[in-house]
Amino acid sequence: RSLRIGLIPGDGIGREVIPAGRRVLEAVSTSFNLKFSFVDLPAGYETFQQTGVALPDRTVETLQKECDGALFGAVSSPTKKVAGYSSPIVALRKKLDLYANIRPVKTTFSSKNPIDLVIVRENTEDLYVKEERTFSAPDGSGKIAEAIKRISERASHRIATMAGTIALQRQQLRESGIQSIHTKPTVTITHKSNVLSQTDGLFRETSRTALSQPQFSSITIDEQIVDSMVYKLFRQPSTYDVIVAPNLYGDILSDGAAALVGSLGLVPSANVGDGFAIGEPCHGSAPDIMGKGIANPIATIRSVGVMLEFLGEAKAAGRIYEAVDGNLEEGRLLTPDVGGSAGTEEVVEDILKRL
Ligand code: NAI
Ligand code: MG
């Protein structure tokens, strides 16, 4: 099978970690009968400074017409608002209808408080439709601001269906021998329908309906109110397998869960739609360590795995996860953010050897 992958390094350490992603893909290609070709695509703040656009049309068109998937590094955002600049990854999610944001959070298997969960966040609606308004209070007591929280049956159904599909994929990986703290698939629906009975109520009901489709009969369906979810996620993170959430709760839970594993340099993500996936490390462009050769490449390498899972290559993804776990378990070649003194290159070499 031939797959064409767009490489969008972006700014800062994005340029140091995306090449590692490419090398990992090349390393797994022969064992899994895959043939990768790559196309480098510009985007980001530096692209904006040079050309006046952060996301050139050519980048979007090449992704749409030529590519099966992509890897996105990170982009810098100016601290002050700059006219004409807006985040290219946010625009890409819209243009390619990447309606799900997937964030696996995992510690090593032998960790004292092991975690192996994935947050499946709806990425198109909820409060992020950005329909806000401000007006004067009729009684003259000052301003009032309000925002629309929009939840649709369509978006809720497709995100819960994706969560169910992911739960089954993870189970398949376990059955093929990947070590895990879980033995059976569970999806936890996150909401606050005790207060927001219509919006979160619709999300909860629709998710339940979606997950009761016959192909999901082996999945345990659970649900949890978002505030108690935060408590339990921090106290007993090993409880969770797959978590599905509307946009805002998913955003907050994702960053909170990432904090549980120690470094942003370890946490991958993917932006996923029907038939397209962009792997993206969770971290930013890290100007403080840029150019020093010490950026942790693992978030990107794991993002390669997540992208491959969504391109239907779960076995190759599993091999990548195992190589990363091997490197972390041994703990000999680690970058400074996780307590080691190795550079990016040494970590990449070690993982490539394990592949
Ligand atoms: P950041 O994620 O770039 O860095 C936060 C801290 O984590 C820094 O101390 C950094 O050195 C460390 N870190 C991050 N990734 C690492 C890695 N792979 N290995 C080792 N250490 C790592 O977030 P920050 O500093 O808030 O933002 C820097 C720039 O990145 C800003 O311009 C921001 O707008 C942008 N950003 C972009 C994102 C994206 O492209 N998706 C996400 C977050 C921030
Ligand atoms: Mg966030």
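Points worth noting:
- Subset of segment 35-58 (residues that are surrounded by 15 or more Cβ atoms within 10 Å (Cβ to Cβ) and not in a strand (DSSP E or B)): L41, P42, A43, G44, Y45, E46, T47, F48, V53, A54, L55, P56
- Number of the condition not met by V261 [criteria: (1) touching a Pro at 6+ places or on another chain (Cβ under 7 Å); (2) of a type in the set (A, V, I, L, M); (3) closer than 19 Å to H182 by Cα]: (1)
- Among the conditions (1) without any contact (Cβ under 8 Å) to a residue 12 or more places away in the chain; (2) more than 21 Å from A270 (Cβ to Cβ), the only one that G312 does not satisfy is (2).
- Residue in segment 292-304 that is within 16 Å of ligand 2 (Cβ to nearest atom) and crowded, with 19+ Cβ neighbours inside 10 Å present: yes
- Any pair with Cβ under 6 angstrom, 6 or more apart, that starts in segment 262-283 at a residue that is farther than 12 Å from L92 by Cα and ends at one that is assigned to a loop (DSSP other than H, G, I, E, B) and more than 16 Å from ligand 2 (Cβ to nearest atom): G265/N296
- Odd one out for P104, checked against (1) in a helix (DSSP H, G or I); (2) in contact with a Leu (Cβ under 9 Å, 6 or more places away or on another chain); (3) within 16 Å of ligand 2 (Cβ to nearest atom); (4) not aliphatic (A, V, I, L, M): (1)
Conditions tested, residue by residue: (1) in the same structural domain as R158 (by TED's automatic domain parsing); (2) more than 22 Å from the chain's Cα centre (by Cα); (3) more than 16 Å from ligand 2 (Cβ to nearest atom).
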| position | (1), (2), (3) |
| --- | --- |
| I5 | no, no, yes |
| V28 | no, no, yes |
| S31 | no, yes, yes |
| L41 | no, no, yes |
| R58 | no, yes, yes |
| G84 | no, yes, yes |
| L98 | no, no, no |
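- Any hit, segment 310-318, residues being at pLDDT below 95, surrounded by fewer than 21 Cβ atoms within 10 Å (Cβ to Cβ) and basic (K, R): yes
- Of the residues in segment 129-144, none is crowded, with 17+ Cβ neighbours inside 10 Å and at pLDDT 95 or above.
- Residue identified as in the same structural domain as G273 (by TED's automatic domain parsing) and at positive phi among G73, G12: G12
- Inside segment 246-266, residues that are of a type in the set (A, V, I, L, M), more than 11 Å from ligand 2 (Cβ to nearest atom) and touching a helix residue (DSSP H, G or I) at 6+ places or on another chain (Cβ under 6 Å) make up a count of 2.
The values are calculated or read from the model by the stated rules, or taken from the named source; none is laboratory data. Every value quoted in this text rests on a predicted model; they were computed, and no experiment measured them. No Cβ is skipped: glycine too gets one built from the backbone with ideal geometry, and neighbour counts run over all protein chains shown.
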